[in-house]
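Inspection log for the structure reproduced underneath, given as C-alpha cells.
Coordinate-derived values only; no laboratory data. If you're wondering where the values come from, they're calculated on a predicted model, not measured in any experiment. Virtual Cβ from ideal backbone geometry, glycine too; neighbours counted across all protein chains shown.
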Amino acid sequence: MNTILKLLFLLIISSLALYGGVVAKVDAKRVELGDVVTLSLIVSGEDVTRPNVQRVCESDVISTSTQTNMQIINGSVSKNFTLNYTFMPQKSCKIEPVEIEIDGKIERSNPLEIEVALQSMTKDADFTLTLSSDKKELFVGEPFELTLTFKQKRDSEAVDIKFLPPEFKGFWVKSETQPQRYQDAKESITKIVYTMAPQRAGELKTTKAQMQIASRSGGANGFSTWIPTVKWKSYFSNELTFDVKPLPSGIIIAGDFTISATADKEEVDANEPLNVTIDVIGDGNLEDIKSFKPSIEGVAVFDEKILIEKDVLTQRIAFVSERDFVIPSFSIKYFDPKTKETKIASTKEISIKVKNAKPQEVLNIKKHETQSEVSEDLKAPKIGIFASLTLFLSGLALGVLIMFFMKKKNFKREDKRSIKDPKTLLMKLLSFRDDEEVKAMIETLEKNIYSNQNIELDKKILRKIKERYKI
C-alpha cells in the first residue's frame with residue numbers, strides 16, 4: 001500500500017513539475033447528461049491565493065471544498081492543497097486552464113476535456129421522467145393538458161429528490177394539479193397535469209423537466225477506510241414541440257362558451273343602484289375577455305373587477321338612473337377549435353322600470369301676443385314724437401339690463417347648486433363621458449355617491465370642464 005501511495009505522490013510531483021505548482025484532474029471524463037463531475041486543482045506551495053471559480057464548462061459550480069495534505073518522505077516535508085469544484089456539464093466541453101497565484105507567481109493548470117453523452121432512456125432505468133400531451137397542433141388560446149410523469153423502481157433507493165419543473169415560455173398555465181401518486185407491481189408513479197393555452201402563433205417548445213436524485217455512494221480513503229457519501233444525478237424529461245396556428249382576423253378568444261346576465265331586480269327607485277351579474281362559462285382563454293361595462297345615456301354605470309375561477313368568469317356591474325332604461329345585450333365572439341367556426345354567444349336585453357321616475361324635461365316656448373287695441377279710457381295722453389322715442393329707448397335699455405343681471409344671477413345660483421349637489425353634477429357630466437377628464441370626474445362622483453367614499457373633487461379641473469361644455 002505504501003508503494004502505491006509513493007507512486008501516486010511521484011506522479012503528482014512530476015505533473016507539478018510540468019505545469020508549475022498546479023495540476024487539474026476530474027473524477028470522470030466520460031459522463032451522461034445529468035451526472036455531476038468534480039474538478040480537482042492540486043496546488044503545491046506555501047502561500048496560495050485561491051481562485052474565484054464560479055463556472056466550469058459553461059455550467060455553474062454547485063459546490064466547493066478544500067483539502068490540505070502533508071507528506072513526509074525521507075525526512076522531507078511537502079504540503080499541497082486540493083481545491084474541489086463540482087458541476088454538471090450540459091454538453092461535451094473543454095475545461096480551460098485555471099490561473100492561481102502561488103508564492104507570488106502566477107501558475108496555470110493543465111486543460112481537460114469532458115465528453116457528455118445523452119441520457120439513455122431505457123425501460124430498465126431506475127428513474128424516468130416524461131412529458132406528454134394529447135394535442136400537438138393548436139390555435140392561439142386553445143386549452144390543452146400536458147402531463148408530467150415520474151417513475152421510480154420500487155427497489156431503487158433515493159436519499160433525497162429535488163424537482164425542477166419545465167419552463168413554459170409562450171404559454172398560459174391556467175391550472176396545475178397536486179401530485180397524484182400511485183404504485184403498480186414494479187414502480188412508484190407520480191403525475192402532475194397542467195392545463196395550458198398557447199399565447200402566440202408559431203412553433204412553441206417546452207424545456208425539459210429535471211429531477212435531481214441523491215443516492216448513497218462512497219469510496220476508500222488512503223487508509224483503506226470506506227467513507228459513505230451522497231452522490232447527485234439529474235434525470236431529464238423529453239421536450240415537447242407544438243404547432244400553434246393564428247385565430248381568424250378580429251378574434252382573440254378560442255374555446256367554447258356560454259354567457260348569461262342576471263339582474264337582482266326588475267324595478268328600482270330613482271337613483272337606487274341596480275346590480276347585474278354576468279357569467280361566462282367555458283373552456284378557453286377567459287383571461288383575454290375585457291370588461292362588459294356599457295355606456296347608456298342618462299345612466300351612471302360602474303363595473304367591478306373581473307373574477308376568474310377555473311372555467312367561470314364573473315363580473316358585476318351597477319346601474320343608477322332617474323328614469324326607466326334598458327340594459328343592452330352582452331356578447332362575446334369566439335373561435336371554436338372543434339368545429340373550426342366563429343361563433344357569438346349573447347344575452348337578452350333587460351328592461352328596468354324606475355319608480356318615482358323624474359319626468360323628462362320639455363322646453364316650452366310661450367308666445368306673448370301684443371295687444372293691438374287699447375280702450376279709449378286707458379290711452380296715454382298724446383306726446384311728441386321725439387319724447388315718445390326717447391321714452392321707448394329708455395325703457396328698452398332698462399329691460400335689457402334687468403334681464404342680463406337676472407340671468408347672470410340665476411346662472412351663478414345654478415352653477416353653485418351644481419357643485420354642491422353631486423347627483424345633479426353627475427347627470428350633467430354623463431353626456432360628455434368620452435372626455436378623459438370628464439370620465440375621471442364621473443368615476444370620482446360615482447365612488448362618492450354610491451360607494452360612500454369621500455374623495456375631494458379637483459375644483460380646477462371641474463371649472464375647466466364647465467367652461468369647456470358651458471355647464
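Phi-derived couplings, Karplus 6.51 cos²θ - 1.76 cosθ + 1.60 at θ = phi - 60°, listed residue by residue for segment 281-294: 10, x, 9, x, 7, 4, 4, 8, 7, 8, 4, 8, 4, x Hz, with x used for Gly and Pro.
For segment 127-245, the residue among 185, 140, 213 whose Cα projects farthest onto the positive side of the dipole built from Cβ charges is 213. A cut-off of 5 Å between modelled amide H atoms, ignoring neighbours fewer than 5 places along the same chain, links residue 302 with 318. Its Cα centre serving as origin, segment 127-245 has a Cβ charge dipole (Lys and Arg +1, Asp and Glu -1) of approximately 240 debye.
Can you tell me the FRET efficiency between residue 424 and residue 346 if r is taken as the Cβ-Cβ distance and R0 is 51 Å, rounded to the nearest 0.05? That gives a FRET efficiency of 0.90. With a Förster radius of 35 Å applied to the C-beta separation of residue 215 and residue 310, the computed FRET efficiency comes to 0.30. Phi-derived couplings, Karplus 6.51 cos²θ - 1.76 cosθ + 1.60 at θ = phi - 60°, listed residue by residue for segment 175-184: 7, 9, 6, 5, x, 9, 10, 7, 10, 10 Hz, with x used for Gly and Pro. Dipole orientation for segment 46-192: of the candidates 64, 97, 131, 131 has the Cα lying most toward the positive pole (charges on Cβ; Lys, Arg +1; Asp, Glu -1).
At 0.36 nm per residue, minus the direct Cα-Cα distance, what do residue 124 and residue 175 gain on full extension? Give it in nm, one decimal, please.
Result for the pair: 15.1 nm of gain on full extension.
Taking label positions 7 Å along the Cα-Cβ direction at both residue 471 and residue 200, the computed distance is 4.3 nm, reported to one decimal.
Annotation for residue 269 and residue 53: the two label points, set 7 Å from Cα along the Cα-Cβ direction, are 8.3 nm apart.
Mind giving me the FRET efficiency for residue 184 and residue 101? R0 is 51 Å, r the Cβ-Cβ distance, nearest 0.05 is fine. Write out the running numbers ahead of the final one.
On the way: r = 58 Å, r/R0 = 1.14.
Between residue 184 and residue 101 the formula returns 0.30.
What pairs from 290/348; 91/205; 174/290; 174/447; 169/340; 245/305 go past 24 Å between their alpha carbons? Pairs exceeding 24 Å: 174/447; 169/340; 245/305. So the label point goes 7 Å from the Cα of residue 326 along Cα→C-beta, right? Which residues of segment 247-270 then have their backbone N under 20 Å from it? Counting backbone N atoms under 20 Å from the label point, the list is 260-268.
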